[in-house]
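Visitor: Before I ask anything, here is the structure I am working with.
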Amino acid sequence: MEKSTLTPFGKAIKKKLVDMEKSHSWLIDQVCAQTGLYFDRSYLHKIMTGKLDTPKVVQAIREILGIPDAPQK
């Protein structure tokens, strides 16, 4: 099985969660509450590895964790 590599955004999520002493489950609950969308551990993993890029979910994660928007290319 191939191991997925975290994107820079995925690494930022991981670092922020460690700094805040929060779990993936906590973040998942926060995103669900803020967006009203279905969001689970698998979905979070896909966001962190760049396999998915749902704008509403990514924006919610940025707001919850205080991660600034990526610069536009």
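The values are calculated or read from the model by the stated rules, or taken from the named source; none is laboratory data. For clarity, every value in this text was computed on a predicted model and none was experimentally measured. Neighbour counts are summed over all protein chains in view; Cβ atoms, including those assigned to glycine, are modelled from backbone coordinates with ideal geometry. Just the protein is used for accessible areas: all its heavy atoms, side chains included, with ligands, DNA and RNA removed. Shrake-Rupley method; radii C 1.70, N 1.55, O 1.52, S 1.80 Å.
Visitor: Going by what's in this entry, would Ala70 be described as open to solvent by less than 70 Å² (accessible area, probe 1.4 Å) and touching a residue at least 60 places away in the same chain (Cβ under 8 Å)? Don't jump to the end; show me each part of the working.
Guide: On the way: open to solvent by less than 70 Å² (accessible area, probe 1.4 Å): yes; touching a residue at least 60 places away in the same chain (Cβ under 8 Å): yes.
So Ala70 passes the test.
Conditions (1) among the small types (Gly, Ala, Ser); (2) under 11 Å from the mean Cα position of the chain (by Cα), marked per residue:
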site	(1), (2)
Ser4	yes, no
Phe9	no, yes
Leu17	no, yes
Asp29	no, no
Ala33	yes, no
Phe39	no, yes
Leu44	no, yes
Ile67	no, yes
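Visitor: Out of all the residues in region 30-49, is one or more closer than 18 Å to Thr7 by Cα and acidic (Asp, Glu)?
Guide: First pass over region 30-49, keeping only residues closer than 18 Å to Thr7 by Cα: 41-49.
Restricting the remaining residues to those that are acidic (Asp, Glu) gives none.
Looking through region 30-49, none of the residues is closer than 18 Å to Thr7 by Cα and acidic (Asp, Glu).
Visitor: Restricted to region 1-56, and to residues that are open to solvent by 70 Å² or more (accessible area, probe 1.4 Å), among the acidic types (Asp, Glu) and part of a loop (DSSP other than H, G, I, E, B), which residue is nearest to Asp69 (Cα to Cα)?
Guide: Asp53
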